[in-house]
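Read the structure below first, then the notes.
The values are calculated or read from the model by the stated rules, or taken from the named source; none is laboratory data. The shown structure was predicted, so the numbers you read here are calculated from the model rather than taken from an experiment. All Cβ positions, even for glycine, are placed from backbone atoms using ideal geometry, and neighbour counts span all protein chains on display. Heavy atoms of the whole protein, side chains included, go into the accessibility calculation; ligands, DNA and RNA do not. Shrake-Rupley method; radii C 1.70, N 1.55, O 1.52, S 1.80 Å.
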Amino acid sequence: MKLTLALLFFSGIIGNNHAQELKDCSVCSTQMIKPEQIEALSIDEIRLLNNEIFARNGYRFENPRFQQFFAEKPWYHPVNDNKSIVYNTTEKQNIKLFQERTGQLKVRQEAVVTQLKDLKTLVMNGKITELKSKYNFSYEPQYSKEESELLKRVFQKVNVDDIHYYKNKGLHSVTVDNGFVKIVYEIAIENNKINLFYNYMAHSKIIANFDVFTDYHSEEEYMYNWQFEFTNNKLQFIRLAIAG
């Protein structure tokens, strides 16, 4: 029994090692990379891995950031002509895997934007029934009037078409300082989590002190956070969180 358990434990470790997340492409010329090794990686991270295959063959990059990054690697030896590079079968398969996964992630990002735009249209037009049926979204009964108004303000301020990503995080955030209060309107994405924020967050930068010259009170600060998840290519409302 002890031997069996030990073998199971050891084989489990080996199995986990084979599926470990890929950190660099030092083995990409000799080992076929498995899809599960890159499934948690972002477009940026996979792009870097893909370019590392090129770099390890001496590819010269037109992008100065990539050229500088790989030029600092001790193994990087640039060739005179990129057309002279010949990639082996393993490298070609890994490049194909990386490019296919990058394509899938781009399609996913586009689907998120498309559904957020549809969500915005339904919110702005007060389509309560459609919001529920398509996104499982409904306003909290005790806050419905204020919540509806604040969510509309968020969609009026943020530009869903102007969300940009760094690794697995996407963001479009607008801060408005109207001389009395700072308000943040925001869409924040991390992996499959999508959060919309209305944050009545702080006094204006022109207010030096809480004195007789202003009616602002920090006790009035509050935040609405609408939480969604994007699963199985579908945006679904999870909950509303209110702070303050």
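Restricting attention to the range 214-241 and to residues that are out of contact with any strand residue (DSSP E or B) (no Cβ under 8 Å at 6 or more places or on another chain) and over 17 Å from Phe180 (Cα atoms), the residue that is least open to solvent (accessible area, probe 1.4 Å) turns out to be Thr231. Residues in the range 117-133 that are part of a helix (DSSP H, G or I), farther than 16 Å from Asn159 by Cβ and open to solvent by 80 Å² or more (accessible area, probe 1.4 Å): Ile128, Thr129, Lys132, Ser133. Per this entry, Lys152 is counted among residues that are under 20 Å from Asn225 (Cα atoms) and open to solvent by 30 Å² or more (accessible area, probe 1.4 Å). Looking at Asp211, Asp162, can you tell me which residue is open to solvent by less than 80 Å² (accessible area, probe 1.4 Å), more than 27 Å from the chain's Cα centre (by Cα) and not aliphatic (A, V, I, L, M)? Result: Asp211 is the single residue among Asp211, Asp162 that is open to solvent by less than 80 Å² (accessible area, probe 1.4 Å), more than 27 Å from the chain's Cα centre (by Cα) and not aliphatic (A, V, I, L, M). Taken over the range 86-100, the residue count meeting the criterion of being free of Cβ contacts under 8 Å to residues at least 12 places away in the same chain and not β-branched (Val, Ile, Thr) is 3. The number of residues in the range 190-214 being touching a residue at least 24 places away in the same chain (Cβ under 8 Å) and over 30 Å from Asn168 (Cα atoms) comes to 5. Across the range 165-185, the number of residues qualifying as small (Gly, Ala, Ser), closer than 30 Å to Leu48 by Cβ and loosely packed, with under 15 Cβ neighbours inside 10 Å comes to 1.
Scanning the range 114-149 for residues that are among the charged types (D, E, K, R) and in contact (Cβ under 8 Å) with a residue 60 or more places away in the chain yields Glu140, Glu147.
Filtered by the rule that a residue be open to solvent by 100 Å² or more (accessible area, probe 1.4 Å), in a helix (DSSP H, G or I) and at pLDDT below 95, the range 6-51 gives Leu7, Leu8, Phe9, Phe10, Asn16, His18. Among the conditions (1) modelled with pLDDT of 95 or more; (2) surrounded by 13 or more Cβ atoms within 10 Å (Cβ to Cβ), Thr114 misses just one, which is (2).
Number of residues in the range 62-86 that are open to solvent by less than 70 Å² (accessible area, probe 1.4 Å), closer than 15 Å to Leu48 by Cβ, part of a helix (DSSP H, G or I) and among the polar types (S, T, N, Q): the value is 1.
For Phe98, state whether it is under 23 Å from the mean Cα position of the chain (by Cα) and either closer than 24 Å to Gln31 by Cβ or at pLDDT below 95 (or both).
yes
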